[in-house]
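S.K.: Structure provided below as structure tokens; questions to follow.
Laboratory data are not the source of any read-out in this text; all were calculated from the coordinates shown. Everything numeric in this text was worked out from a predicted model, so none of it was measured. Cβ atoms come from the backbone with ideal geometry, glycine included; neighbour counts cover every protein chain shown.
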Amino acid sequence: MALPIFVTGHAGSGKSLLTENFSGFLEKLDYRVAKVNLDPASPPRYNPDLDIREFVKTEEIMIKYSLGINGALLRSIEVGIKYINSLYPDGNWDFVIFDTPGQLELFIFTDFGKEMVEKSRKSGVCIFLVDSSRIENSIHYSAAVSQSAVISMMLGIPAITAFNKSDVASVRDLNYYAEKIREEGVLGEFFESLLRFVELTSIIYRPLRISAKTEDGFYELFTVINEVFCACGDLS
């Protein structure tokens, strides 16, 4: 059975570029990789093996139901649920990479994301992409990493935090931000407690620094994916 990889993250975090380039990286290692676009609002930059836009397009939903962009996005996802069975590729694949919608909440907080993961029998892994250029201080870091734990709980599968755009911005280690956060007063105390929660729930899937553009960190990302499933099967 192919291993599903759900690429999540906020708009502009680099999900589609990671889907395109990480699939190419895996193919160079002689793995068979399928790419699936789950964003009904955006034509993918790559050639997908399956595309939700074959069944529902947000721009058409806007016209059909006289909706604004936000309402149309949500309605598109509701319509897309009917086609979940058509969004899992047939064939002898090693990995299936799902490029989730640009707006994180459309996948995490709707039945669409839940049912996509259920369809995978919860055998998949989630990569949560964070834009490194938006991590300006310890509070931003804490908030970003804690979302990985929330995503894991909401979807019921392991979530790996990957700090993208390492070619243009640098993110320090957790210990650095944990030390800095102690200087933030009451708010710092709250986020320090939150960091301890993150350590208990997701630290085993260590944060990574990658660049979807240059492919830096891809081998380490692949190694972590293997580590997550080392007890569940041989990916080598």
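S.K.: What is the gain in length, in nm to one decimal, between LYS64 and ARG32 on full extension, counting 0.36 nm per residue of separation less the C-alpha to C-alpha distance? Don't jump to the answer; show the numbers that get you there.
M.R.: Details: separation 32, 0.36 × 32 = 11.52 nm, distance 3.84 nm.
In short, 7.7 nm is gained.
S.K.: Using 0.36 nm per residue, how much length does the chain from GLU183 to GLU78 gain when fully extended, once their Cα-Cα distance is taken away? Could you put the intermediate results ahead of the total?
M.R.: Details: separation 105, 0.36 × 105 = 37.80 nm, distance 4.43 nm.
Fully extending the segment from GLU183 to GLU78 adds 33.4 nm.
S.K.: So what J values fall out for region 128-141 if you push phi through Karplus, 6.51 cos²θ - 1.76 cosθ + 1.60 with θ = phi - 60°, rounded to Hz, Gly and Pro as x?
M.R.: 9, 8, 10, 6, 4, 5, 9, 8, 9, 7, 5, 5, 4, 4
S.K.: What translational diffusion coefficient, to the nearest whole µm²/s, does region 1-107 have by Stokes-Einstein, given a Kirkwood radius computed over alpha-carbon pairs, a temperature of 4 °C and 1.567 mPa s viscosity?
M.R.: 91
S.K.: Quick one: net charge of THR100's neighbours, Cβ under 9 Å, K/R +1, D/E -1?
M.R.: On the way: positive: LYS15; negative: ASP39, ASP99.
Net charge around THR100: -1.
S.K.: Which lysines, on any chain, are close to LYS64 with Cα under 21 Å apart, when same-chain ones fewer than 8 places away are left out?
M.R.: Excluding near neighbours in sequence, the set is LYS82.
S.K.: OK, next. Just need log10 I(q)/I(0) for the chain at q = 0.09, 0.11, 0.14 Å⁻¹, Debye formula, equal scatterers on the alpha-carbon atoms, no solvent, rounded to two decimals.
M.R.: For the requested q values the scattering log ratios are -0.38, -0.56, -0.90.
S.K.: Then there's this: Taking amide H atoms as placed 1.01 Å from N in the peptide plane, list the residues 5 or more away in sequence, or in a different chain, whose amide H sits under 5 Å from that of TRP93.
M.R.: ALA2
S.K.: Any idea what the relative contact order of the chain is, in percent, if you count C-alpha pairs under 8 Å spaced at least 6 apart?
M.R.: 22
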